[in-house]
Amino acid sequence: MKQEIDQILENNQIDKIKFYQHKSPLTNNIFTACLFLNTEKKQIVARGVSICSLRDSFNKKKGKHKAFGRAVEATVHKTNSYKIKSEGREEEFITRVMKIKTVDKEKEFKASIVPELLKINPKMSISISKANNRTLYSFKLPISYPMIETHRFFKYKSSYLPNVANGEENKFLTDEKESIEER
């Protein structure tokens with residue numbers, strides 16, 4: 001299998017593979033992206049994206065594996081697939097509780113989390129309670145939040161010759177060349 005993938009990469013002049021995660025203060029990881037790069041042409045040949053559901057436990061290895069597989073698929077088929085649907089499941093929610101122990105953490109919560117929640121829903125209800133010298137903030141996140149957030153950057157989970165998004169050009173196409181063997 002490794003030989004087949006190495007052959008696919010070589011045949012498509014892919015000389016660099018990069019992974020990155022997009023995080024949110026609300027849920028930590030939102031998505032993992034895998035880029036297949038041709039550094040000589042300064043081009044993203046393919047991108048694979050895996051989206052972490054609010055029902056999942058974040059697993060970095062699994063996310064990278066899924067994103068890599070989607071980048072391979074885009075390269076082999078030379079097409080985009082797995083359209084990211086940001087609508088649907090608006091009525092489904094997951095309740096999150098954040099425990100705040102210090103005044104600094106409370107300031108951080110109000111500065112980063114609250115604006116993010118209000119961006120999702122300006123009428124978001126946030127319940128506040130006290131327990132054991134902690135402030136507990138609870139709120140309901142739409143189950144579709146990771147899809148909505150990912151859709152801001154990408155239209156497909158598997159993309160061939162994608163448009164540069166999320167600052168990828170600055171992050172990955174200007175670096176020095178490194179070997180595929182280092183992935």
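The values are calculated or read from the model by the stated rules, or taken from the named source; none is laboratory data. In this text, all values refer to a predicted model and were calculated from it rather than measured experimentally. For neighbour counting, all protein chains shown are included, and Cβ atoms are generated from backbone atoms with ideal geometry for every residue, glycine included.
For segment 5-92, list the strands (runs of 3 or more DSSP E) that sit wholly inside it and hold at least 2 residues that are in contact with a Leu (Cβ under 9 Å, 6 or more places away or on another chain) and under 22 Å from residue 148 (Cα atoms); which are they?
Hits in segment 5-92: 16-24, 43-51.
Inspect segment 95-107 for any residue being touching a Lys or Arg at 6+ places or on another chain (Cβ under 7 Å) and either under 15 Å from residue 27 (Cβ atoms) or surrounded by fewer than 11 Cβ atoms within 10 Å (Cβ to Cβ) (or both) and give the result as yes or no. Walk me through how you get there before you give the answer.
To start, the set of residues in segment 95-107 that are touching a Lys or Arg at 6+ places or on another chain (Cβ under 7 Å) comprises 95, 99-101.
With either under 15 Å from residue 27 (Cβ atoms) or surrounded by fewer than 11 Cβ atoms within 10 Å (Cβ to Cβ) (or both) added as a condition, the list becomes 95.
Checked against the condition, which is being touching a Lys or Arg at 6+ places or on another chain (Cβ under 7 Å) and either under 15 Å from residue 27 (Cβ atoms) or surrounded by fewer than 11 Cβ atoms within 10 Å (Cβ to Cβ) (or both), segment 95-107 yields at least one hit.
Consider residue 80 carefully, then state whether it is more than 30 Å from residue 117 (Cα to Cα), of a type outside the set (Gly, Ala, Ser) and touching a Pro at 6+ places or on another chain (Cβ under 8 Å).
Values: more than 30 Å from residue 117 (Cα to Cα): yes; of a type outside the set (Gly, Ala, Ser): yes; touching a Pro at 6+ places or on another chain (Cβ under 8 Å): yes.
Answer is yes for this residue.
Suppose the filter is surrounded by fewer than 15 Cβ atoms within 10 Å (Cβ to Cβ), more than 24 Å from residue 82 (Cα to Cα) and modelled with pLDDT under 90; does residue 121 pass it?
On the way: surrounded by fewer than 15 Cβ atoms within 10 Å (Cβ to Cβ): yes; more than 24 Å from residue 82 (Cα to Cα): yes; modelled with pLDDT under 90: yes.
When the stated conditions are applied, residue 121 passes them.
For segment 118-143, enumerate the residues that are free of Cβ contacts under 8 Å to residues at least 24 places away in the same chain and among the aliphatic types (A, V, I, L, M).
At the first step, the residues of segment 118-143 found to be free of Cβ contacts under 8 Å to residues at least 24 places away in the same chain are 118-119, 121-132.
Selection gives 118, 124, 126, 128, 131.
List pairs: first in segment 18-30 and at positive phi and exposed (fewer than 15 other Cβ atoms within 10 Å of the Cβ), second modelled with pLDDT under 95 and outside any strand (DSSP E or B), Cβ under 8 Å, 6+ apart or cross-chain?
Close Cβ pairs (under 8 Å, with a partner that is modelled with pLDDT under 95 and outside any strand (DSSP E or B)) amount to 28/58.
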